[in-house]
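The structure appears below as structure tokens.
The values are calculated or read from the model by the stated rules, or taken from the named source; none is laboratory data. For clarity, every value in this text was computed on a predicted model and none was experimentally measured. Here the Cβ positions follow ideal geometry from the backbone for every residue, glycine too, while neighbour counts run over all protein chains shown.
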Amino acid sequence: MGHGHHHAHDLPASGDVPPALDMSIPDGELSPADVSRRGFLRGAGLLGAGAAASVFAHPGVAEAAGLPHAHGPAAAGAATGDVQWLAGDHHIHTQYSSDAQYRVIDQARHGHAYGLDWMVITDHGSNAHAKIGVEKVNPDILSTRDKLPGLLTFQGLEWNIPAAEHATVFVHPGRYEVDVLKRFEQTYDGSQLPGTNTEGQNEAAAIAGIQFLGEQVRARKVEGALFLANHPARRGIDSPHEIRNWRDADPTVAIGMEGAPGHQAAGIPAPNGRGGARGYYDNNPSAASFPGYPMESYRTWGGFDWMTATVGGLWDSLLAEGRAWWITVNSDSHVNYLDQSERGPGSNFDANGKYNDPVYTGVVNTGAGDFWPGFYGRTNVGARNFSYKAVMDGLRDGRIWVDHGRLIKGVDARVRVAGNDSGSGVTLGGVLRVKRGVATELVLRIDLQDTPNWRQFVPVLQRVDVIVGTVTGPVADKDAFTAPDTRVVTSFEVAAGARTLSVSYPLGRLDKPFYLRVRGTDGNRTQPGLMGAAIDPYGPALDVVGDADPWGDLWFYTNPIWVLPK
């Protein structure tokens, strides 16, 4: 078992919770200014009756979307036996992408063999794809669903977000899945918009695209539609205000971002590998980049995007506002490391919207930057059952933990009233509502890995960090990307040879709303975080371009849990 190492600032500095956030104070006892602020917070989905509105969408959004589940405690806190953890990948390319080559069934069979339960086919939005790609790939997806019933195969696309990077967009299977995706791509993909558009017009188009997807759900065209921003810090063009605006456009659709990009094999040193940067994060700022981002944001940290890897950074700034914004990992598979195939001869992508089926070459591709789906990274979703809807619900509700290289077998993290052994508490993505002054605790169980990963070694978890931040409400500056009150509050070392790590950690008596999240590492590469050693003494290390073997630097991350006053 582990022993906690309590660093400085064990919890966010105590102090009175602002009256507008203290739900034990009736509206009638507030000052006019605080009444106004509480009304604003309710409208922003930060406060509300029944706890469900506390950190999620305004409840009216979920109802209007026809979603049968609540976005909050009613959708969280399930005992371990109530959910099954389904591993998946939401970012995968096929021969219907201009820079990829494999069949749908190729990606699906490999992904399933490497342990995936669900996957999303996300070919690039482009002129050719917008015209014919969505329709042409669909029969291949339908065939794959028939041939591999043990794999949930979603159809989606990789959206060129107007004025920004890329995103996964996908929908629940059904008779209108092609129609909805095709209309979305033809209307809102950046490749289809006028080149004369201003940045403001393009940002508005991105918001309209997300709202369109929500409208299709409410119109019962599809049962669900989700958006996840891909490789958000790669080129520095996803500004903080854009991310906030996407989430606010429809929180039932825009739910999060890649915590770590795909293309992890690109960091394998030459001559055995490409000798590049993990995730292809080898860029520099351009005229289109957000000027506030530091140079370090253009590299990965332990294979993870800077927005996620920096304690007190951009992801934490969103969580500290109370915004439900989840992280995932995936392969972004285009052309895979050590494969021995290439695109079929005589291909004409522009005319046909696809490449001919791949052919065997006998030449080992050591320069490819990708792994097969499931081979390295996985997004683990707590689903009520094995179904498309259950996976989408689990993603939307934030019941997600992610890892690289199968670092751990499983994690059960929950926050409960201290000493309340009879209650299961609230798990990932959930909200615990307690009276002010009530003591709470984190109860954490991690099943350590005992099975070799796909590189034939058994990963060893060395350390687990608990990260806590104060919930401060909406920021005045939508381009803010720091959360100064967020820090690593304790770490647990894992005993050699242990099979599980089971610990509890007291979170003190609630005096202000807070959230927590958990991460863990094999301990091979660490350094103080960008916000300083007092905030994050042993964080992920900045990845070195040309010398970043992804197998020697493994991490897992959970999504957050909130604790808010009743």
Does at least one position in region 507-524 carry a residue that is in a loop (DSSP other than H, G, I, E, B) and at positive phi? yes
Can you name the residue in region 126-166 that is charged (D, E, K, R) and in a helix (DSSP H, G or I) and, of all such residues, is surrounded by the fewest Cβ atoms within 10 Å (Cβ to Cβ)? D146
Please go through region 113-130 and give me each residue that is more than 24 Å from K409 (Cβ to Cβ) and among the charged types (D, E, K, R), ordered by number. D123
Quick one: T526 ticks every box in (1) crowded, with 23+ Cβ neighbours inside 10 Å; (2) over 27 Å from R399 (Cβ atoms); (3) of a type in the set (S, T, Y) bar one, so which box is it? (1)
If you go through G367, G346, G313, G353, the only one that is within 29 Å of V431 (Cα to Cα) and in the same structural domain as E135 (by TED's automatic domain parsing) is G313
Out of the residues in region 78-125 that are part of a strand (DSSP E or B) and among the small types (G, A, S), which is surrounded by the most Cβ atoms within 10 Å (Cβ to Cβ)? G88
Of all the strands (runs of 3 or more DSSP E) wholly in region 352-450, which have at least 1 residues that are buried (at least 17 other Cβ atoms within 10 Å of the Cβ) and free of Cβ contacts under 8 Å to residues at least 40 places away in the same chain? 408-417
Is region 323-332 home to any residue that is at pLDDT 95 or above, in contact with a Gly (Cβ under 8 Å, 6 or more places away or on another chain), farther than 18 Å from G398 by Cβ and crowded, with 21+ Cβ neighbours inside 10 Å? yes
Within region 281-306, track down each residue that is buried (at least 21 other Cβ atoms within 10 Å of the Cβ), in a helix (DSSP H, G or I) and not polar (S, T, N, Q). W306
Please identify the pairs in which a residue from region 197-218 that is in a loop (DSSP other than H, G, I, E, B) has its Cβ atom under 6 Å from the Cβ atom of a residue that is at pLDDT below 95, counting only partners at least 6 apart or on another chain. none
